[in-house]
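Single-structure report; data block below.
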Amino acid sequence: MKAMNLSIVITTFNTKSLLRKAIKTIFEAAELLPCQHEIIVVDNHSSDKTAEMIKEEFPAIQLIIMQASFLITETAIFTAKKFQPALLNQQSTKL
């Protein structure tokens with residue numbers, strides 16, 4: 001059986017501390033996956049230094065910084081990347 005590839009997309013807006021916890025959980029779970037994966041964070045123009053935290057603490061994550069806030073659906077479409085299917089985690093979802 002061929003390994004499936006997975007894009008994990010997280011959208012965020014001013015949820016730095018919650019996002020930090022979510023990313024740690026995702027990294028732990030992703031280690032158990034029998035497939036290649038990528039983690040993408042889309043920062044919807046946060047003012048709480050979310051992007052800086054991602055760059056400093058999680059350099060392996062692909063970070064997309066929006067210049068204006070977009071709807072979650074628009075963000076998800078915008079971030080379609082290398083792998084399918086994609087797991088989309090909205091900022092209001094507790095992992």
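Values computed for the structure shown
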read-out: Enumeration of residues in segment 34-57 that are among the hydrophobic types (A, V, I, L, M, F, W, C) and more than 14 Å from Leu18 (Cβ to Cβ); value: Cys35, Ile39, Ile40, Val42, Ala51
read-out: Residue within segment 11-21 that is assigned to a strand (DSSP E or B), surrounded by 14 or more Cβ atoms within 10 Å (Cβ to Cβ) and in contact with an Asp or Glu (Cβ under 9 Å, 6 or more places away or on another chain) present; value: yes
read-out: Ile8 being β-branched (Val, Ile, Thr), modelled with pLDDT under 90 and in contact with a Phe, Trp or Tyr (Cβ under 8 Å, 6 or more places away or on another chain); value: no
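The values are calculated or read from the model by the stated rules, or taken from the named source; none is laboratory data. Keep in mind it's a predicted model, so treat the numbers as computed, not measured. All Cβ positions, glycine included, derive from the backbone under ideal geometry; neighbour counts span all protein chains shown.
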